[in-house]
Amino acid sequence: MSSLPAIAILNNNEDTVEMLRMCLQQRGFTALVTGHVPDVKRGSLDIVQFVETHDPRVFVWDIALPYDENWRFVRMLMGHEAIQGRRFVLTTTNKRALDALVGPTDVIEIIGKPYDLDLVVSAVRAAVGLPPETEGE
């Protein structure tokens, strides 16, 4: 599986970044790059340079509080020329609150249960065009 494309994990929480990185790595994704959403928003992580350097096909991107502001930011980012053609798997810790502010979304809620991580892995696999995992894979 070393030929799988790069996946970028950007979150607000270092522990969550590491948890997602380890989970995806255990499931065969080896080209994992990480960062923090606040660094992108502040400009201390140049997202264009990050994309040019790592060429991630998929971003696992967290939508944190304030939900409406961070939702607008990621939507704006998705429209950026350097980002186009890349897929996003969006996560949050409170989908109900996010949906109440921005309308229904397909964001995955991560609250630390193993099933949450399975949903993220399934979404990443789908985003890179892989079939769903089968038992024992």
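Taking region 50-74 as the range and being within 16 Å of the chain's Cα centre (by Cα) and exposed (fewer than 13 other Cβ atoms within 10 Å of the Cβ) as the test, only 72 passes.
Filter region 94-123 down to residues that are in a loop (DSSP other than H, G, I, E, B) and buried (at least 18 other Cβ atoms within 10 Å of the Cβ), then give me how many there are. Lay out the reasoning, then the answer.
Filtering region 94-123 for residues in a loop (DSSP other than H, G, I, E, B) gives 94, 103-107, 110-113.
Then keep just the ones that are buried (at least 18 other Cβ atoms within 10 Å of the Cβ); that gives 107, 110.
Number satisfying all stated conditions: 2.
The set of residues from region 62-120 being basic (Lys, Arg) and under 15 Å from residue 40 (Cα atoms) comprises 72, 75. Residue 84 meets each of the listed conditions (1) over 14 Å from the mean Cα position of the chain (by Cα); (2) at pLDDT 95 or above; (3) not β-branched (Val, Ile, Thr) apart from (2). Among the strands (runs of 3 or more DSSP E) confined wholly to region 2-91, which include 2 or more residues that are among the basic types (Lys, Arg), more than 25 Å from residue 130 (Cα to Cα) and touching a helix residue (DSSP H, G or I) at 6+ places or on another chain (Cβ under 8 Å)? Ranges flagged: none.
The values are calculated or read from the model by the stated rules, or taken from the named source; none is laboratory data. From a predicted model like this one, the values you see are computed outputs, not experimental measurements. Glycine gets a Cβ as well: all are built from the backbone with ideal geometry, and neighbour counts include every protein chain shown.
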